[in-house]
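Chemist: Got a structure for you, written out below as structure tokens; questions coming shortly.
FYI, it's all coordinate maths here, none of it is from the lab. Small disclaimer: the values here were computed from a predicted structure and weren't measured. Heads up, the Cβs are rebuilt from the backbone with ideal geometry, glycines too, and the neighbour counts pull from every protein chain shown.
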Amino acid sequence: MLEINSTILIQFVTFVLLMIILNVLLYRPLRKVLQKRRDVVERDHFDANHMGREVERGISRYKELMEEARKKGKEEKEKLRQEGMAAQHKLLEETEEIVRQKKEDMRAQIGRNVQDVKNEMGKYAQDLAKEITEKILGRAV
């Protein structure tokens, strides 16, 4: 059977001293290291989450800027297309005006040429008629 005597008291004191010594030399430093490690991990986790949110905001901003750039590009493209169409329309009108003017000039020139030809033909016809008359009559008219 178990006897209770002074050795149990010595073992109890030894145990308590060992616990105090281990606590001071081993457990407290180990707990401090573990706490520091826990703090570092938590801080790194917080930083990683923060960076993840920053990256998400950056991606979101990038998408917004790209969409805005696409819209501006489309607007600029449409504006340039409209300007091109306006310039084309203006050039077409100017060309039509030039063609119309040249057409009128050509008609006037043709009209003058026709009148000149008629005048020459009229003189030639008179001279020919006079010759024919003189040949038929046999005398000068």
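Chemist: Taking the Cα centre of the chain as origin and charging only Cβ (+1 Lys, Arg; -1 Asp, Glu), how large is the dipole, in debye to the nearest 20? Before the final figure, lay out the partial values.
Modeler: Details: 29 positive and 25 negative charges, 60 e Å.
For the chain, the charge dipole is close to 280 debye.
Chemist: Sticking with this structure for a sec: Explain nothing, just the number: dipole magnitude of region 12-72 about its Cα centre with +1 on each Lys and Arg Cβ and -1 on each Asp and Glu Cβ, in debye rounded to the nearest 20.
Modeler: Numbers: 14 positive and 9 negative charges, 10 e Å.
Using Cβ point charges on Lys, Arg, Asp and Glu, region 12-72 gives about 40 debye.
Chemist: Which lysines have a Cα lying under 30 Å from the Cα of LYS79, excluding residues fewer than 8 positions away in the same chain?
Modeler: Result set, ordered by chain and number: LYS63, LYS71, LYS90.
Chemist: Among the lysines, which have Cα under 29 Å from the Cα of LYS135 when same-chain residues fewer than 8 positions away are ignored?
Modeler: LYS118, LYS123
Chemist: Please give the helix 6-22 orientation as an angle from the longest Cα principal axis of the chain, in degrees from 0 to 90, rounded to the nearest 10.
Modeler: 20 degrees
Chemist: Could you check how many percent of all C-alpha pairs in region 29-75 are farther apart than 18 Å? Let's see the in-between values first.
Modeler: Numbers: 608 of 1081 pairs.
Value for region 29-75 (Cα pairs over 18 Å): 56 percent.
Chemist: Using all alpha carbons of the chain, what is the percent of pairwise distances in each 10 Å bin, ordered from the shortest bin to the longest?
Modeler: Spelled out per bin, shortest first, that is 8, 9, 9, 8, 8, 7, 7, 6, 6, 5, 5, 4, 4, 3, 3, 2, 2, 1, 1.
Chemist: Across region 89-94, in residue order, what do the Karplus-derived ³J(HN,Hα) couplings come to in whole Hz, using 6.51 cos²θ - 1.76 cosθ + 1.60 with θ = phi - 60° and x for Gly and Pro?
Modeler: 4, 5, 4, 5, 4, 4
Chemist: If you find the alpha carbon centre of region 30-93 and of region 95-141, how far apart are they in angstrom?
Modeler: What the calculation gives is 81 Å, centre to centre.
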